[in-house]
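Heads up, the thing below is written out as structure tokens.
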Amino acid sequence: MERIFDSTHFCLVYIDKDFNFIRVNQAYAKSCGYPPEYFPGKNHFHLYPHAENEAIFRKVVQTGEPFTITEKPFEFPDHPEWGVTYWDWTLHPLKNPGGNVETLFVMLLDVTERKRAEDMRSRLGRILDASSNEIYVFDADTLHFIQVNQGAQHQSGLHAGGITSADPARPETGAETGKASRRL
């Protein structure tokens, strides 16, 4: 357990039922900009106030049921220059023999870069799709269209399904396909 705690890329946090840090791993400490020794004894929500997250933590303590969320936005109050970050996290209650929650184990994964990349791809996709210029994206191996924007559909007179099933390397594959292929 010790080796996993110290070597994983997941951020690991062990806190008491009042949300005071007992232990954090190096990945968590690094993601927060502090050494691991900084955290023990400090209250999570004094360092990182967040009413919604605190309500989630309290519910887990009350119900004894774990909680998982993906791409949860969070802004570090002590690092506003980082902007909004996104986290996948799971909160596990750890119970004593009587069934009462004594501590919580939190596993977090910073997915900010992935989320930002997905958002950028989505924005670029919308821009390309809305362009009046003809834009065809095809698989370099199969030469089949992957995406055809609205400008291409309008100029070719074909709907996306007819164009995306076309093969630009084989104009003889049908009248609809041939029309799309000849335009290339």
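The values are calculated or read from the model by the stated rules, or taken from the named source; none is laboratory data. Everything quoted here is computed from the prediction, not taken from an experiment. Heads up, the Cβs are rebuilt from the backbone with ideal geometry, glycines too, and the neighbour counts pull from every protein chain shown.
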Which one of these is at pLDDT below 75 and within 29 Å of the chain's Cα centre (by Cα): 94, 128?
128
Subset of the range 108-147, residues surrounded by 13 or more Cβ atoms within 10 Å (Cβ to Cβ), closer than 30 Å to residue 29 by Cβ and not acidic (Asp, Glu), comes to 108, 109, 111, 112, 114, 115, 116
Hits in the range 9-40 - residues which are assigned to a helix (DSSP H, G or I) and among the hydroxyl-bearing types (Ser, Thr, Tyr):
28, 31, 38
Name the residue that is nearest to the chain's Cα centre (by Cα), counting only residues in the range 43-57 that are within 18 Å of residue 103 (Cα to Cα) and surrounded by 14 or more Cβ atoms within 10 Å (Cβ to Cβ).
53
Go through the range 76-96 residue by residue and tally those that are of a type outside the set (Ser, Thr, Tyr) and under 20 Å from residue 58 (Cα atoms).
9
